[in-house]
Amino acid sequence: MGIPDEEIAQVRAATDLVALISEHSALKKVGRRWSGLCPFHTEKTPSFSVNAEEGFYYCFGCHASGDAITFVRAVDHLDFVDAVRLLADRAGITLHEDQESGRDHQRRSQLLEAMERAVQWYHDRLLRAPDAGPARDYLRSRGYDGDIVRQFRLGWAPDDWDALAKALKLPEQVLSDAGLGFVNRRGRAQDFFRARVLFPICDPSGRPVALGGRILPLRPGQPPPPRPEPKYKNSQESPIYSKRRTLYGLNWAKQGIIAQGEVVVCEGYTDVIGCFQAGVPWAVATCGTALAEEHFTLLRNFAKRIVLAYDADAAGQSATSRVYEWERKHEVDVVVADLPGGTDPGDLARIDPAALARAVTEARPFLQFRVDRMLGAGDLTTAEGRARAAEAALTAVAEHPDDLVRDQYVMQLADRCRLEATRLRGHLEHLRAHPPTERPGRRRTWGRGDEPPPGEYPEDDGDRFDGDPAPTRRVASAPGDGVRSGPGLEALKLAVHRPEETADRVHAVLFTDPVQREAFVALLEHDSVHEAVETASPEVATLLRRVIVEEPMAGDPELGDPVDSVVTVLLRGATRRALADMEKQARTGGDSWQATAAETAQVRLWLDQLEDPAAGRDAADRLVVWLSRREPEG
Ligand SMILES: [Zn+2]
């Protein structure tokens, strides 16, 4: 990394974190901190908290935490260096980067600048040039007015070999590296796009990084071109453009996505524009690739609900098992908008915009969509038809990784196909044990003809689809610091927010939780909380950021000083644990029995005195000393 540490610190200090975050979520002052809806997960009541003085944020819902740089990285999907550059720009700080990364940065800036100039030039051509007349007619026929053309910065690449190259006079290397042109066999610069309507593709902050171009449809009577061209042509990958990490429209849709907690994913540029026209300005499109893991990584920071708005067949055939995997891994819900037969969002926006908006509102869970389609394709009026439809739908249900979800669909199928749920369950378990893809060509039958492997149905009473699958609940993954609560957490909060009151009363030995203890030691060892966070392990850093934004409990005056009561609780916990250790050691023959007994009695006496108003403080101090002596050296 090429930016000096002092300058990174300077950028951090110069950034107003509350102002920065306010661009993504409305913050309200609550006590000494700021609070609002979390920009990283969908919620109705605020659990996102910002400590302006220390420059940290923490979400009590999804446990997102960090400082200005982390925030920019997450929201704008930048790497560390780019995030620092962006914040430096905002704050008007000039960075002195080392040469190598500086050159890299310079190269990217050059390409971005070239792309920006090209987009503007193409856009002006579309708005003004006489040769763009047919393009303007075409766009009007699609229902695009001037506002749409300007909002999405649509452009027109003239029917010419080198119009852009000539007009912009870019160095050949820049022209080709940005994907705007190339050097032809005669050694002359040539444009990449020719006679196409252009859709600029931007990064999340709105800088154009690539272009997608569409040919105009043939007008009546117009002869077909000698060499047929593909309908769409997109920029190649470049140093500023990665297909798998770019979503068309995200820059315009970002605010809508955050406000809605939902993102509509389409397949084409015109689908995105159609969604905006239909009053759904939270739509994006993949750029000529299938929805990939990287897209989920990008989207989950903005919304927890992902609506697939593909044409119906494509949606049903999405990489199913991966969708479930991504749902679980990224904690998002994937739902499907059911678009009326054969339409895509772009068409539907033109024909019936209200229907498009409705399809998005009424989007169903991915599995529900597939089940509905399978049942819809079957004949549910006959017994045979219902059995076949149920079997088909059951194969879809079997792919879902969560047994509780599967079971709900089993009950639904039983109801809709008038079959017994227990029979369906048995069949489902069988399908899961033998996924059809693993045994190609195997005839899947509905009933008794299928021989399960030995031992699968231990009590084979003749009805082998009667087994109870005995649901096992999936163990929820630990939410980072969600379990780190209680008096230790309270003590940490006090140590951060009232350091003078805790200075000689809270000690490392009081913490039985290793992460809490590490966090406390980090606070002791550093001059500022910032330094402590910076050098800490990720787990400890998250905990520290949390306690920074969390006020200590007010404390009941009747119960006395909050520091006293927290210290007392912690002391009891730590002491009991130490006593238990001691007894264990004595049993295994470490210390002499008498010595241990005397020591134990003394410690128990101090424990009893803890509540005593006169002797409590003294007993606490002695216990701390005793606990410290028991610590392993070093
Ligand atoms: Zn959150």
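Using a simple spin-label model with pseudo-atoms 7 Å out from Cα toward Cβ, Arg622 and Ser537 lie 3.6 nm apart. Take the stretch 224-293 with all the other protein chains still there, run a 1.4 Å probe, and you get 42 Å² of accessible area per residue. A cut-off of 5 Å between modelled amide H atoms, ignoring neighbours fewer than 5 places along the same chain, links Ala52 with Trp34. Taking Cα centre as origin and charging only the Cβ of basic (Lys, Arg, +1) and acidic (Asp, Glu, -1) residues, the dipole magnitude of the chain rounds to 2880 debye. In the stretch 74-148, a dipole from Cβ-located charges (positive for Lys and Arg, negative for Asp and Glu) runs towards its positive end, and of Ala132, Leu87, Val75 it is Ala132 whose Cα lies farthest in that direction. The Cβ shell under 15 Å around Asp177 holds other residues with a net charge of -2, Lys and Arg each +1, Asp and Glu each -1.
Remark: the Thr361-Ala615 segment gains 84.9 nm on full extension, using 0.36 nm per residue and subtracting the alpha carbon distance. Among the protein heavy atoms, those of Lys28 account for about 150 Å² of accessible surface (1.4 Å probe, every chain in place). The protection proxy used here, the mean number of other Cβ atoms lying within 10 Å of each residue, ranks peptides 127-135, 359-367, 487-495, 153-161 as follows, highest first: 487-495, 153-161, 359-367, 127-135. Using the Karplus relation 6.51 cos²θ - 1.76 cosθ + 1.60 with θ = phi - 60°, the per-residue 3J(HN,Hα) values for the stretch 64-69 come to 5, 7, x, 10, 4, 5 Hz, with x marking Gly and Pro. In this label model, Ile351 and Ala508 are separated by 7.1 nm, measuring between points 7 Å along each Cα→Cβ vector. By a 1.4 Å probe calculation restricted to protein chains, His24 has an accessible surface near 30 Å², given to the nearest 10.
So for the stretch 18-58, averaging the separation of alpha carbon pairs under 8 Å that are six or more residues apart and normalising by length, what relative contact order in percent results? Can you show the working numbers first?
Details: 55 pairs, mean separation 11.8, N = 41.
The normalised contact order for the stretch 18-58 reaches 29 percent.
First measure r as the distance between the Cβ atoms of Trp161 and Arg207, then evaluate 1/(1 + (r/R0)^6) with R0 = 30 Å and state the FRET efficiency to the nearest 0.05.
Details: r = 28 Å, r/R0 = 0.92.
About 0.65, to the nearest 0.05.
So how exposed is Thr94, as accessible area in Å² (1.4 Å probe, rounded to 10)? Roll a 1.4 Å probe over it and Thr94 shows about 100 Å². Quick one: grab the alpha carbon gyration tensor of the chain, order the square roots of its eigenvalues as a ≥ b ≥ c, and give me rounded if a/c is under 1.5, else prolate or oblate depending on whether a/b is larger than b/c. Cα axes put the chain in the oblate bin.
Counted by Cβ distance under 14 Å from Ala292, the other residues give a net charge of +1, where Lys and Arg count +1 and Asp and Glu count -1. Seen from Ile201, the other residues with C-beta closer than 12 Å to its C-beta sum to a net charge of +2, counting Lys and Arg as +1 and Asp and Glu as -1. For the chain, the fraction of 1.4 Å probe accessible surface lying on carbon and sulfur atoms is 50 percent. Annotation: amide H-H contacts under 5 Å for Ala283 (H modelled 1.01 Å from N, sequence separation of 5 or more, or interchain): Val264.
Placing R0 at 45 angstrom, the Cβ-Cβ distance between Asp145 and Asp79 gives a FRET efficiency of 0.70 after rounding to 0.05. Segment Lys29..Asp104, full-extension length gain: 22.9 nm, with 0.36 nm per residue of separation and the alpha-carbon distance subtracted. Taking amide hydrogens as placed 1.01 Å from N in the peptide plane, the amide H of Thr42 sits under 5 Å from those of Lys304, each at least 5 positions away in sequence or on another chain.
Cross-link pairs exceeding 22 Å between alpha carbons, from the set Lys29/Lys493; Lys304/Lys329; Lys169/Lys243; Lys254/Lys304; Lys44/Lys304: Lys169/Lys243. In the context of the full set of protein chains, residues of the stretch 303-420 present 44 Å² of accessible surface per residue (probe radius 1.4 Å, heavy atoms only). The helix-based estimate of mean residue ellipticity at 222 nm for the chain, built from -39,500 (n - 2.57) per DSSP H run of four or more residues and divided by its residue count, is -15000 deg cm²/dmol to the nearest 500. Legend: residues Met553, Met582, sorted from most to least accessible area (1.4 Å probe; ligands, DNA and RNA excluded), read Met553, Met582.
Accessible surface comparison of Met411, Met115, probe 1.4 Å, protein chains only, largest first: the order is Met411, Met115. Heavy-atom accessible surface of the stretch 66-218, averaged per residue, reaches 47 Å², computed with a 1.4 Å probe.
How many percent of DSSP beta bridges within the chain run antiparallel, rounded to 5? Antiparallel: roughly 75 percent of the beta bridges in the chain. Ordering Ile3, Pro204, Ala495 by the projection of their Cα atoms onto the charge dipole of the chain, which places +1 on the Cβ of Lys and Arg and -1 on the Cβ of Asp and Glu, puts Pro204 at the extreme positive end.
Counting only protein chain heavy atoms and rolling a 1.4 Å probe, the accessible areas of Ile351, Ile215, Ile21 rank, largest first, as Ile351, Ile215, Ile21.
The values are calculated or read from the model by the stated rules, or taken from the named source; none is laboratory data. Just so we're clear, the structure is a prediction, and the values are computed from it rather than from any experiment. Note that we place each Cβ from the backbone using ideal geometry, even for glycine, and neighbour counts take in every protein chain shown. Ligands, DNA and RNA are stripped out before the accessible areas are found, and what is left, the full protein with its side chains, is counted by its heavy atoms. Shrake-Rupley method; radii C 1.70, N 1.55, O 1.52, S 1.80 Å.
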